[in-house]
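**Student:** Sending over a structure as structure tokens; questions will come in a sec.
Read-outs: derived from the displayed coordinates by stated rules, not from any lab. Everything quoted here is computed from the prediction, not taken from an experiment. When we count neighbours, we look across all protein chains shown, and the Cβ atoms used for this are built from the backbone with ideal geometry, even at glycine.
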Amino acid sequence: MVLKIGKIRGKTNYSASNLPPGPWKLPFIGNLHQLIGSLPHHGLRDLAKKYGPLMRLKLGEVSTVVASSAEFAKEVMKSHDLIFASRPPILAAKILSYGSTNIGFAPYGSPINLTEEIYSSTYSFTSRVAFGKKTKDHEKFIYVVKEAVKTSSGFALADVFPSVSLLQLLSGMRPKLERLHKEADRIMENIIKEHQRDMVTTKSVEGEAEEDLVDALLKFHEHGSGLEFSLTTDNIKAVIFDMFSAGSETSATAVDWAITEMIKTPRVMKTAQNEVREVFNRKGQIDETCIREMKYLNLVIRETLRLHPPIPLLLPRECGEKCEIDGYEIPVKSKVIVNAWAIGRDPNYWNEPERFNPNRFLDSSIDYKGTNFEYIPFGAGRRICPGISYGLANVELPLAFLLYHFDWKLPNGMKHEDLDMPSALLSEENKICT
């Protein structure tokens with residue numbers, strides 16, 4: 001194994017003298033030791049303070065470039081967007097997402113217009129499949145998604161030493177991912193078959209039934225021969241898994257963080273709660289049409305996503321061809337990581353960046369669309385999250401319900417300043433409870 005790693009190191013030891021700066025590397029493991037004991041986005045932010053906002057690391061055998069400023073995030077995701085449009089190979093994506101054919105990790109190709117029908121159906125899809133029409137496998141599927149997200153987070157040995165396939169087995173990652181994939185595949189196969197049966201039934205009934213995302217994707221699957229692209233059953237499963245892992249799990253995390261920050265800042269909690277209750281009481285109903293009137297709630301969500309982006313280190317990109325950024329050479333095949341968490345807390349762009357202050361977005365033109373690179377919770381460029389509207393809806397409505405129906409406080413006389421939680425996915429022992 002050591003000999004094999006040594007050979008790989010020899011092949012990837014770039015001779016270019018103008019690479020981005022970075023810390024000294026140990027043999028074989030590179031800079032992995034400098035990320036032990038800290039959350040990766042914290043450790044990378046601390047290293048960037050010393051070596052600069054464009055920094056080169058060696059994570060195992062993988063050459064990695066980290067962008068930790070709005071300027072360099074813009075270089076990666078806008079100025080050189082096409083060069084960095086593809087994703088590097090990730091074991092979890094290969095196993096769980098049917099050979100990386102999902103939205104997040106699919107290789108970059110020519111743009112395809114999926115039509116408004118698909119995008120407008122995302123919310124009804126999740127509500128029907130996940131929360132509305134509850135199947136016997138509902139809880140099991142949610143468990144599988146949570147375990148998959150947990151297993152694939154961070155820097156896995158199998159990904160930093162991709163040439164050593166034995167590590168995939170020794171670390172236990174591949175067997176666990178394959179077990180999760182097998183269970184998820186069984187559940188999604190049942191979901192697809194159920195939709196296919198429903199489609200046959202509705203054909204014999206007058207009028208058209210309301211469609212969800214699975215129905216729309218099945219139409220492309222069945223009639224794809226006459227279109228510019230077609231979808232396989234595995235493609236559909238990969239998209240379904242994306243909707244749950246990238247949509248539901250991250251949205252739930254954002255709601256947890258919003259409640260946590262408001263508990264720590266009672267003034268913000270009171271203002272948001274008063275607005276939600278006033279709108280709901282006046283409208284006499286609780287639905288998404290009310291959300292448009294909740295201006296302060298929108299500010300709370302924007303500030304929550306600044307401090308706690310659901311994916312602190314955006315999905316990695318891969319350099320497709322040799323290029324220069326700020327005079328530094330980025331070698332081909334380098335993994336490129338954008339630290340959205342560090343950028344959202346950078347004092348160069350934000351006044352009192354560690355303070356939760358929704359009012360900072362009052363009269364601000366900064367939005368979620370990836371045009372303001374100091375604020376990129378959903379990424380930017382060609383690989384920006386395609387489900388922004390869906391993700392926001394999954395945060396807005398649950399958060400509004402929680403503020404309307406419940407009063408929130410800390411237990412057992414705990415003080416607000418005592419509430420200290422790590423900036424990662426909330427652990428089980430720190431979950432919000434009522």
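**Student:** Determine, for E194, E352, E183, E61, the number of other Cβ atoms within 10 Å of each Cβ, and report the residues in order from fewest to most.
**Tutor:** E352, E194, E183, E61
**Student:** Take every Cα-Cα distance within the range 228-309, group them into 10 Å bins from 0 onward, and report for each bin the whole-number percent of pairs it holds.
**Tutor:** Distribution as computed: 16, 34, 27, 15, 8, 0 percent.
**Student:** Residue by residue through the range 355-362, what is 3J(HN,Hα) from phi via Karplus (6.51 cos²θ - 1.76 cosθ + 1.60, θ = phi - 60°)? Round to whole Hz and write x for glycine and proline.
**Tutor:** In residue order, the calculated couplings are 8, 7, 9, x, 5, 5, 9, 4 Hz.
**Student:** Give the calculated FRET efficiency between K176 and M199 to the nearest 0.05, with a Förster radius of 35 Å applied to their Cβ-Cβ distance.
**Tutor:** 0.50
**Student:** Can you put D159, D234, D81 in order, fewest other beta carbons within 10 Å first? List each step's numbers first, then the result.
**Tutor:** Details: D159 23, D234 15, D81 18.
Result, fewest neighbours first: D234, D81, D159.
**Student:** Report, largest value first, the span of the C-alpha coordinates of the range 59-103 along each principal axis, in whole Å.
**Tutor:** Sorted largest first, the three principal extents are 34, 26, 15 Å.
**Student:** Further question: I'm checking a number: the convex hull volume of the Cα atoms of the range 321-362, normalised per residue, in Å³. What is it? Present the calculation step by step, with values, prior to reporting the outcome.
**Tutor:** On the way: hull volume 4.5 nm³, N = 42.
Residue-normalised Cα hull volume stands at 106 Å³.
**Student:** Apply the Karplus parameterisation 6.51 cos²θ - 1.76 cosθ + 1.60, with θ equal to phi minus 60°, to every residue of the range 73-79 and state each ³J(HN,Hα) to the nearest whole Hz, in sequence, with x for glycine and proline.
**Tutor:** Running phi through 6.51 cos²θ - 1.76 cosθ + 1.60 with θ = phi - 60° gives 4, 5, 4, 6, 9, 9, 4 Hz.
**Student:** Sort R282, R87 so that the residue with the fewest other Cβ atoms within 10 Å of its own Cβ comes first and the one with the most comes last.
**Tutor:** Exposure proxy ranking, most exposed first: R282, R87.
**Student:** Could you run the Karplus curve 6.51 cos²θ - 1.76 cosθ + 1.60 with θ = phi - 60° over the range 253-265 and give me ³J(HN,Hα) per residue in whole Hz, x for Gly and Pro?
**Tutor:** Per-residue couplings from phi come out as 4, 5, 5, 4, 5, 4, 4, 4, 5, 6, 4, 6, 10 Hz.
**Student:** Using r as the Cβ-Cβ distance of E354 and E147, and R0 as 35 Å, what FRET efficiency do you calculate, to the nearest 0.05?
**Tutor:** Working: r = 32 Å, r/R0 = 0.91.
Efficiency, from the Cβ-Cβ distance: 0.65.
**Student:** Same structure again: How big is the gap, in Å, between the Cα center of the range 23-48 and the Cα center of the range 324-381?
**Tutor:** Here the answer is 21 Å between Cα centres.
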